[in-house]
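Each remark here refers to the structure printed beneath this line.
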Amino acid sequence: MRLNGEIYDGEDREEGEQKLVVGYALTLKKRKSFLQPNFERLARNKGISFVAIDQNRPLSDQGPFDIILHKDYRQTQPQVIVLDPPDAIQHLYNRQSMLQNVVDLNLSDFHGKVGVPRQMVITEDPLSIPDEVTKAGLKLPLVAKPLVVDGSTKSHELFLVYDQFSLSELEPPLVLQEFVNHGGVLFKIYIVGDAIKVVRRHSLPNVSKCELAKVAGIIPFPRVSSASASADDADLDPGVAELPPQPLLERLAKELRHRLGLRLFNIDMIREHGTRDVFYVIDINYFPGYGKIPDYEDIFTDFLLSCVQSQYKKRPGN
């Protein structure tokens, strides 16, 4: 299993004994949020160490590694586990293609309904956007999102458009998505292999017809990924705060793992206000901020160990 080193056999180890080496190629921001002191301490106690990969040197000259953990790393070696395939990750860097896998699912009668808000892609000529929206029959307000998700701050700048005339002020390429009233709560569903962790985040409040008639222009959409935006301890209406059914989440996660070919991602989901079982997926993100979820240290270290143990069991003679 290990590149340029001994094979990890998945057997028990003494506390603190290093058996599993994880090479990582992460941005500085992602490294700080993910490799937190408590996480690295727990990992060491489970026999896992993390080593930074120098992307300016051949991978074969580094290591030895059992697993390569990356956000977008194109160089691979057949001897190690690469999380996840670079080509599969690229699929999530386009907001049009990322949700197509949800559109293709048939979960209409599986403890709830899961869909995607109506949306369209605009690639050029902002002056034509109002007419294009009218032709497509999209209803205001609309959420405007950059088409490409490249990790930059700009790619996460979202806007809520209240009137038809303001649409021409937007900057293509972008995705326009109908805003679905959801009681101001977003469910962030974190996938770590087979594990599923759900947290609530505050989101935009409902937009009434009266408000839509009075408000005009484009309003920045606040980010809801930070821990400070957590709604888990807020005093919320039970009909809004109730988590999506676990069987539905398990089926959705299983299908998307298979279709996307990924093991580390999160799903942003909302419940249509006034319903109990109508949900919409509005975004899918690769290698999200796992450090913001409770108990991520145990979840992720167990996942790393299971990856190597599963690979070991597939070897001839085991």
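The values are calculated or read from the model by the stated rules, or taken from the named source; none is laboratory data. Here the structure is a predicted model, which means the values were calculated and not measured. Cβ placement follows ideal geometry from the backbone for every residue including glycine, while neighbour counts extend to all protein chains displayed. Accessible surface is based on the protein model in full, side chains and every heavy atom, while ligands, DNA and RNA are left aside. Shrake-Rupley method; radii C 1.70, N 1.55, O 1.52, S 1.80 Å.
Pairs are defined by a Cβ separation below 7 Å, a sequence spacing of at least 6 or placement on different chains, a first member in the stretch 80-101 that is free of Cβ contacts under 8 Å to residues at least 24 places away in the same chain and assigned to a helix (DSSP H, G or I), and a second member that is surrounded by fewer than 16 Cβ atoms within 10 Å (Cβ to Cβ) and β-branched (Val, Ile, Thr); no pair meets this definition. Total residues in the stretch 169-204 satisfying the condition of being part of a strand (DSSP E or B) and touching a residue at least 40 places away in the same chain (Cβ under 8 Å): the figure is 19. If you go through the stretch 173-190 and keep only what is open to solvent by 30 Å² or more (accessible area, probe 1.4 Å) and within 17 Å of THR123 (Cα to Cα), you end up with just PRO173.
The condition of being at pLDDT 80 or above and open to solvent by 60 Å² or more (accessible area, probe 1.4 Å) holds for only one of ALA213, ALA195, that being ALA213. Residues in the stretch 292-305 that are closer than 30 Å to GLN177 by Cα and open to solvent by 20 Å² or more (accessible area, probe 1.4 Å): 1 in all. The single residue among LEU262, LEU256 that is part of a loop (DSSP other than H, G, I, E, B) and either in the same structural domain as VAL116 (by the TED database) or more than 15 Å from the chain's Cα centre (by Cα) (or both) turns out to be LEU262. Pairing each residue of the stretch 59-71 that is under 13 Å from LEU304 (Cα atoms) with any residue that is polar (S, T, N, Q), provided the two are 6+ apart or on different chains, yields C-beta distances under 9 Å for PHE65/ASN4; PHE65/GLN77; PHE65/GLN79; ASP66/GLN311; ILE68/GLN75; ILE68/THR76; ILE68/GLN77.
Residues in the stretch 83-122 that are open to solvent by less than 40 Å² (accessible area, probe 1.4 Å), more than 17 Å from the chain's Cα centre (by Cα) and under 30 Å from SER306 (Cα atoms): LEU105, LEU107. Go through the stretch 50-64 and give me each residue that's in contact with a strand residue (DSSP E or B) (Cβ under 8 Å, 6 or more places away or on another chain) and loosely packed, with under 15 Cβ neighbours inside 10 Å. Scanning the stretch 50-64 gives VAL51, ALA52, GLN55.
Conditions (1) free of Cβ contacts under 8 Å to residues at least 60 places away in the same chain; (2) part of a loop (DSSP other than H, G, I, E, B); (3) in contact with a Gly (Cβ under 6 Å, 6 or more places away or on another chain), marked per residue:
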position	(1), (2), (3)
ILE129	yes, no, no
LYS139	yes, yes, no
ALA144	no, no, no
PHE159	no, no, no
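Would you say GLU132 is open to solvent by 60 Å² or more (accessible area, probe 1.4 Å) and touching a Pro at 6+ places or on another chain (Cβ under 8 Å)? So GLU132 does not fit the description; no. Can we say ASP150 is more than 19 Å from the chain's Cα centre (by Cα), open to solvent by 20 Å² or more (accessible area, probe 1.4 Å), among the acidic types (Asp, Glu) and assigned by the TED database to the domain that holds ILE218? No, not satisfied.
When the stretch 274-293 is filtered for residues that are more than 15 Å from VAL116 (Cα to Cα) and part of a loop (DSSP other than H, G, I, E, B), the ones remaining, listed by number, are GLY274, THR275, ARG276, PHE287, PRO288, GLY289, ILE293.
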